[in-house]
1. How much FRET efficiency would the formula 1/(1 + (r/R0)^6) give for K88 and I4, where r is the Cβ-Cβ distance and R0 is 35 Å, rounded to 0.05?
2. Taking R0 as 25 Å, what FRET efficiency do you get between N64 and Q32 from their Cβ-Cβ distance, rounded to the nearest 0.05?
3. Which of these, S78, S15, S35, has the largest mean-square fluctuation under a Gaussian network model of the chain (Cα springs below 10 Å)?
4. Calculated from DSSP H runs of 4 or more alone, at -39500 (n - 2.57) each and per residue, what is the 222 nm mean residue ellipticity of the chain, nearest 500?
5. For the chain, modelled as a Gaussian network with Cα springs under 10 Å, which listed residue fluctuates most, K21, K34, K81?
6. Compare V82, V74, V26 in a GNM of the chain, Cα atoms joined below 10 Å, and give the one with the largest fluctuation.
7. Give me the distance in nm between label points sitting 7 Å out from Cα along the Cα-to-Cβ direction at I46 and K21, one decimal.
Amino acid sequence: MVTIAVKCPSCDETSVAKYGKNRRGVQRYICQNKSCEQKTFLLDYIYTGCKPGIDEQIIKMAANASGIRDTSRVLGISTQKVLDTLKKQHRQ
């Protein structure tokens, strides 16, 4: 039997427990570190727009004068995700 060492993508802690499954039947995990900002996560996301760090890539590409359609094509996400991320960043 093979075991996989699961680390939290936010804090890199190995104190992680299973936390049920999502609607598609993919295993969810919860970080048991109290100071971690991301509580639940998946090991393999189906939609690229949900992966950790994609928001930072969108913001970096926008700062380097990449357009909305160009960003969505390069990252493999929808244009609506790009727009929502940029609007959220503008509000903050």
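1. 0.60
2. So the FRET efficiency works out to roughly 0.10.
3. S35
4. On the way: 3 runs with 31 residues, N = 92.
Calculated at 222 nm, the ellipticity per residue is -10000 deg cm²/dmol.
5. Its mean-square fluctuation being the largest, the pick is K34.
6. The residue with the greatest mean-square fluctuation here is V74.
7. 1.2
All of the numbers you see were taken from the coordinates with simple rules; none came from a lab. What you are looking at is a predicted structure, and each value in this text was computed from that prediction instead of being measured. Counting neighbours? That spans all protein chains shown, and the Cβs are built from the backbone with ideal geometry, glycine included.
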